[in-house]
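Asks: Quick one: the structure is below, and I'll ask about it shortly.
Values in this text are rule-based calculations from the coordinates and carry no lab data. Keep in mind it's a predicted model, so treat the numbers as computed, not measured. So basically every Cβ, Gly included, is an ideal-geometry build from the backbone, and we count neighbours across all protein chains shown.
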Amino acid sequence: METAVNEDDPKTIQQITAAKPELANALGQNNLPLLMNAIYQRKTAVVETLQTAGAEPDVFAAAALGDLDRLQTLAERWSGYLNSYARDGFTPLQLTCYFNQEAAALWLIEQGADVNAVAKNMMKIAPIHATATHGNLVILRALLEKGAAVNAEQEGGYTAVHQAAHRNNVPMAQLLLTFGADPHQPDVKGQSALQLAKVEGNDEVAAVLGG
């Protein structure tokens, strides 16, 4: 079953789950639901096949999928999930931010999800870092307005403004600066966001960052 997921083989998954429906909710070798593994691998057809076969998204899969109805249903059963951690160390809010699920992210923020929660894994990301990977300004502003630490460091000392510099994302850099981002804060290698922008030839964002 896991091989079929990894090989993006919906037909085999259909055959297996037709014989053994319970396998739609099976775990992979990494102890995560196969549904979540398919989501991480962005295998849309596999995700749809597993759900059709009866896979029930837990709070983390629902967050990653942006399934707001499911999140709200689960909240009625257990409000404590808002700041719970998945087996791989991420919170529901971090997952909605990473997968750019705007409506679900905004709902979780309004419900009181911790905007400064740090992933319990080597990445050490907070929601602001997950959002910076794609630069959704609506989510980013909502996080900052709720008190997200604008200069928080993830693994390697990387900040959200480092990501803006790397992606030459001027609007994101401007928003972060408005909330106090420090373009001179170094990562563990001693490189600031401004220096990164210059090294990578991202002149537009470098100018915004003070270069």
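Asks: HN-Hα J couplings of the stretch 16-24 from phi, Karplus 6.51/-1.76/1.60, θ = phi - 60°, integer Hz, Gly and Pro as x?
Replies: With the stated coefficients, the stretch 16-24 comes to 5, 6, 5, 7, 9, x, 5, 6, 4 Hz.
Asks: Let me ask something additional. Rounded to the nearest 10 degrees, what's the angle between the helix 68-77 long axis and the longest principal axis of the chain, both from Cα atoms, 0 to 90?
Replies: That helix lies at roughly 70 degrees to the long axis.
Asks: Another question about this same structure. What number, in percent, do you get for the relative contact order of the stretch 88-181 if the mean sequence gap of Cα pairs under 8 Å and at least 6 apart is divided by its residue count? Each step should come with its number before you reach the end.
Replies: On the way: 129 pairs, mean separation 23.7, N = 94.
Contact order relative to length: 25 percent.
Asks: Run lengths n ≥ 4 of DSSP H only: what is the helix-derived mean residue ellipticity at 222 nm for the chain, with -39500 (n - 2.57) per run over all residues, to the nearest 500? Present the calculation step by step, with values, prior to reporting the outcome.
Replies: Numbers: 14 runs with 109 residues, N = 211.
Dividing the helical sum by the residues of the chain leaves -13500 deg cm²/dmol.
Asks: What distance in nm separates the two pseudo spin-label positions at residue 182 and residue 122, each 7 Å out from Cα along the beta-carbon direction?
Replies: 2.7
Asks: In nm, give the distance between the simple-model label positions of residue 138 and residue 75, each being 7 Å from the Cα along the Cα-to-Cβ direction.
Replies: For residue 138 paired with residue 75, the spin-label model returns 1.7 nm.
Asks: What is the packing order of peptides 51-62, 141-152, taking the mean over residues of other C-beta atoms within 10 Å and listing the highest first?
Replies: In decreasing order of mean packing, 51-62, 141-152 become 51-62, 141-152.
Asks: Once a ≥ b ≥ c are taken as the square roots of the eigenvalues of the Cα gyration tensor of the stretch 134-180, is the result rounded (a/c under 1.5), prolate (a/b larger than b/c) or oblate (a/b not larger than b/c)? Display every interim value, and only then the final one.
Replies: Numbers: a/c = 1.70, a/b = 1.11, b/c = 1.53.
Oblate, because a/c is 1.5 or more while a/b does not exceed b/c.
Asks: Continuing with this model, one more query. How far apart, in nanometres, would the label points at residue 174 and residue 19 be if each is projected 7 angstrom from Cα along the Cα-to-Cβ direction?
Replies: Spacing of the two 7 Å Cα→Cβ label points: 5.9 nm.
Asks: In whole Hz and in residue order, list the ³J(HN,Hα) couplings for the stretch 154-159 that follow from phi through the Karplus curve 6.51 cos²θ - 1.76 cosθ + 1.60, θ = phi - 60°; x for Gly and Pro.
Replies: Each residue's phi maps through the Karplus curve to give 9, 3, x, x, 6, 10 Hz.
Asks: May I ask which residue of 133, 179, 168 lies farthest towards the positive end of the charge dipole of the stretch 91-211, with charges of +1 (Lys, Arg) and -1 (Asp, Glu) on Cβ and the Cα centre as origin?
Replies: Value computed over the given set: 133.
Asks: Follow-up. Across bins of 5 angstrom width beginning at 0, how are the C-alpha pair distances of the stretch 1-56 distributed, in whole percent?
Replies: 4, 25, 40, 25, 6, 0
Asks: Return 67, 203 ranked ascending by Cβ neighbour count within 10 Å, so the fewest neighbours appear first.
Replies: Values: 67 18, 203 12.
Least crowded to most crowded, the residues run 203, 67.
Asks: Relative to the Cα centre, what is the charge dipole magnitude of the stretch 150-211, using +1 at the beta carbon of each Lys and Arg, -1 at the beta carbon of each Asp and Glu, and rounding to the nearest 20 debye?
Replies: On the way: 3 positive and 7 negative charges, 11 e Å.
It works out to roughly 60 debye.
Asks: State which entries of 124/198; 43/189; 43/120; 43/146 exceed 30 angstrom in Cα-Cα distance in the structure shown. Walk me through the numbers on the way to the answer.
Replies: Working: 124/198 26 Å; 43/189 35 Å; 43/120 25 Å; 43/146 33 Å.
With Cα atoms farther than 30 Å apart: 43/189; 43/146.
Asks: Report the Cα centroid-to-centroid distance between the stretch 9-67 and the stretch 139-211 in angstrom, as an integer.
Replies: When both Cα centres are located, 36 Å separates them.
Asks: Another question, then. Give me a comma-separated list of calculated 3J(HN,Hα) values for the stretch 176-190, in order, Karplus coefficients 6.51, -1.76, 1.60 applied at θ = phi - 60°, integers in Hz, x for any Gly or Pro.
Replies: Computed from phi, the couplings for the stretch 176-190 are 4, 5, 4, 9, x, 4, 9, x, 9, 5, x, 7, 5, 8, x Hz.
Asks: Oh, and also: How many percent of the alpha carbon pairs in the chain exceed a separation of 28 Å?
Replies: 36
Asks: Averaging sequence separations of C-alpha pairs under 8 Å and six or more residues apart, then dividing by the length of the chain, give the relative contact order as a whole percent. Working shown, then result.
Replies: Details: 335 pairs, mean separation 24.2, N = 211.
Normalised by residue count, the contact order of the chain is 11 percent.
Asks: So, one more: Given the alpha-carbon gyration tensor of the stretch 143-211, what are the semi-axes of its equivalent ellipsoid in whole angstrom, ordered largest first, with each equal to the square root of 5 times an eigenvalue? Before the final figure, lay out the partial values.
Replies: Working: eigenvalues 61, 42, 14 Å².
Its equivalent ellipsoid spans semi-axes of 18, 15, 8 Å.
Asks: Let me ask something additional. So, by mean Cβ neighbours within 10 angstrom, what's the order for 73-83, 160-170 with the highest one leading? Walk me through the numbers before you get to the answer.
Replies: Working: 73-83: 13.2, 160-170: 24.0.
Highest-to-lowest ranking by the protection proxy: 160-170, 73-83.
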